[in-house]
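The values are calculated or read from the model by the stated rules, or taken from the named source; none is laboratory data. These numbers were taken from a predicted model, which means no experiment stands behind them. Cβ coordinates were reconstructed from backbone atoms using ideal geometry, including for glycine residues, and neighbour counts include every protein chain displayed. These area figures cover heavy atoms from the full protein model, side chains too; ligands, DNA and RNA do not enter into them. Shrake-Rupley method; radii C 1.70, N 1.55, O 1.52, S 1.80 Å.
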Amino acid sequence: MSPSRPALIVFCREPVADRNKSRLIGAMTAAAAAALSDAFICDALAKAVSIGSSRIVIAASAAGGVERSKYFRRLARRFGAELIDQGDGSLGKRMARALEPFSSSGALLTGTDTPSLPGALLAASVEALCRNRVVIAPSLDGGYYALGVRGAMPPIFTAIRWGSGGVFDSTVKRLKRAGIRYALGPAWYDVDRWADVMLLAAHLRLLARARRRAGASPCPATESVLKRLGVLRHDR
């Protein structure tokens, strides 16, 4: 394996009211859901910067294309990231399209729905990719929040029921069938539904108590939005 550090690709969609976090709308307004999505993206990019990847790439989806998106151009400047368009097609096709240009030297693609993920655990998946052809980090809903590839692209981006609870299992089965060895990254939880937001808020309250002694929030932008929405109230 090449000793070079993998690129880190943050896979995201421009936060626009009524188009983001649709499963949260009703429990919160569309504008609030978009604000939360924006915070998730900012926290994910800040974490990417903090772990020192060789390249940070924003693989984005935006109406009219990312090259016209003031939002993503601003984020790319702020975080020193390259900006590429996800393009059209299924989730698998878009992920493969984002990974392929960087896969020869290694790239880890991660979403933005795990805001409380510690930077050290994201770094663990990056480090694992330095020693393995494929790294997959499972999420507790049956999917995965990060996928790393080094070398030839594995046959895991088609014939998957994206959005189902069997994405992780189906992907692992395809890797085994193809005879491709893989490493597991740390498991973590996604925040997609209102119950997940409640879990996140409870988790952040516990972390805030611990921070009175040491440490920093894993997702300060998210924490700020949840406070503003009245979802998160820390103990006095």
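Quick notes
- Taking 23 Å as the limit for the C-alpha separation, the pairs 21/70; 21/176; 93/176; 47/173 exceed it in the case of 21/176; 47/173.
- Accessible-area composition of the chain, carbon plus sulfur, in percent [1.4 Å probe]: 52
- The distance separating the Cα centre of region 66-109 from that of region 157-215 comes to 21 Å.
- Percent antiparallel among DSSP beta bridges (both partners in the chain, rounded to 5): 30
- A simple count of charges around residue 130, restricted to other residues whose Cβ falls under 13 Å of its Cβ and scoring Lys, Arg +1 and Asp, Glu -1, yields +3.
- Local net charge near residue 56, Cβ-Cβ under 13 Å (Lys/Arg +1, Asp/Glu -1): +4
- Fraction of antiparallel bridges per DSSP, region 118-221 only, in percent to nearest 5: 55
- Per residue accessible area of region 1-53, 1.4 Å probe, in Å²: 40
- Put a plus charge on the Cβ of each Lys and Arg, a minus charge on the Cβ of each Asp and Glu, and nothing anywhere else: the dipole of the chain about its Cα centre is then about 380 debye.
- Virtual spin-label span in nm between residue 187 and residue 224, 7 Å along Cα→Cβ: 3.4
- When the convex hull of its Cα atoms is projected in every direction, mean area for region 22-181 (nm²): 9.6
- Distant-in-sequence amide contacts of residue 183, defined by a placed amide H-H separation under 5 Å and a gap of 5 or more residues or a different chain, comprise 134, 135, 136.
- Taking a sphere under 12 Å around the Cβ of residue 74 and counting the other residues whose Cβ falls inside, with K and R at +1 and D and E at -1, yields a net charge of +2.
- Computed lengthening from residue 195 to residue 211, 0.36 nm per intervening residue step minus Cα-Cα distance: 3.3 nm
- Principal-axis tilt of helix 119-129 within the chain, Cα atoms, nearest 10 degrees: 0
- In this label model, residue 29 and residue 93 are separated by 3.7 nm, measuring between points 7 Å along each Cα→Cβ vector.
- Acute angle (nearest 10 degrees) that the helix 167-177 long axis makes with the longest principal axis of the chain, alpha-carbon atoms: 20
- Here the 3J(HN,Hα) profile of region 11-22, calculated from phi with Karplus coefficients 6.51, -1.76 and 1.60 at θ = phi - 60°, is 9, 7, 10, 4, x, 10, 4, 6, 10, 10, 6, 4 Hz, Gly and Pro shown as x.
- Rounded to the nearest 20 debye, the dipole size of region 143-236 about its Cα centre is 260 debye, using +1 on the Cβ of Lys and Arg and -1 on the Cβ of Asp and Glu.
- In the chain, Cα pairs under 8 Å separated by at least six residues give a relative contact order of 22 percent.
- Between residue 17 and residue 54, the C-beta separation translates, for a Förster distance of 45 Å, into a calculated FRET efficiency of about 0.80.
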